[in-house]
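See structure below.
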Amino acid sequence: MMTNLFSSFDPMSSTFNLQLNWLSMFLFIIVFYPLYWISNSKSSVLYSELTSYITKEFMPLFKSYKNIIMFNVLFMFILINNVFGLMPYTFTSTAHIAMTLSMALTIWVIFMLYGWVNNTNHMFAHLVPLGTPIVLMPFMVLIESISNIIRPITLSVRLAANLTAGHLLLILLGESMVNNSILIIITVTAAQFALMTLEAAVAVIQAYVFATLSTLYASEV
């Protein structure tokens with residue numbers, strides 16, 4: 001039996017008491033890097049299809065294709081980590097708030113610095129929506145400032161919470177099969193298969209949502 005429900009999310013490895021589980025993030029490089037060397041492989045075709053779709057979605061928000069490359073890589077990085085996290089005994093780095101908040105906060109700080117340095121007037125104008133009465137302007141500035149500040153928090157919590165909730169449900173279902181009848185084991189196994197299908201969809205959707213919201217925030221500056 002599992003002594004702690006969250007033990008599967010523990011970043012500490014049993015090898016020399018080091019946090020070696022975080023090395024699972026480099027699975028992205030193992031999958032991504034060979035695409036430049038192996039032509040016409042299934043992975044390269046799948047990557048081309050995904051990037052072309054993402055590029056079509058993000059292109060209306062940017063004038064140059066160069067600006068979209070970063071968000072394509074961000075989407076693939078989160079997607080690969082999410083998908084590998086569904087495999088047994090694989091550490092899910094994107095289910096940790098430390099990982100997701102680091103990504104979201106870094107992106108947000110870069111956007112803010114770029115916007116306030118290069119488009120200062122636009123950033124000030126964005127704090128007050130068009131047509132706002134003069135009396136409400138101080139309140140709108142406060143509300144817009146708070147909503148802008150909490151963006152990296154909402155981005156990171158949304159990704160980490162969705163992945164953590166699905167993993168915990170799988171763990172709870174697996175624990176319920178211990179010392180039970182064959183009928184319960186078959187029923188729970190079928191439920192786990194259905195939940196795994198849902199988790200696979202969540203892994204793709206959350207990667208897309210994170211990249212899309214980051215793109216929308218970037219387009220504002």
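Any read-out appearing in this document is the output of simple, stated calculations on the displayed coordinates, not a laboratory observation. Not measured: the values here are computed from a predicted model. Virtual Cβ from ideal backbone geometry, glycine too; neighbours counted across all protein chains shown.
Things to note:
- Measuring nothing but how far apart in sequence close Cα pairs (under 8 Å, 6+ apart) lie, relative to its length, segment 7-219 scores a relative contact order of 26 percent.
- Farthest toward positive dipole pole in segment 7-219 [+1 Lys/Arg, -1 Asp/Glu at C-beta], among I110, V157, H96: I110
- Cα extents for segment 53-167 along the principal axes, largest to smallest and rounded to whole angstrom: 58, 32, 22.
- Segment 108-150: translational diffusion in µm²/s, Stokes-Einstein, Kirkwood Rh over Cα pairs, 20 °C, 1.002 mPa s: 195 µm²/s
- Each peptide among 177-188, 210-221, 48-59 gets the average number of other Cβ atoms lying within 10 Å of its residues, and from highest to lowest they stand as 210-221, 48-59, 177-188.
- Karplus-derived 3J(HN,Hα), 6.51/-1.76/1.60, for each residue of segment 155-169, Hz, glycine and proline x: 4, 6, 5, 4, 5, 5, 5, 5, 6, 5, 4, x, 5, 5, 5
- For S145, S156, order by how many other beta-carbon atoms lie within 10 Å, fewest first: S145, S156
- Ordering 130-141, 70-81, 105-116 by mean Cβ neighbour count within 10 Å, with the highest value first, yields 70-81, 105-116, 130-141.
- Cα centroid separation, segment 82-110 to segment 191-221: 12 Å.
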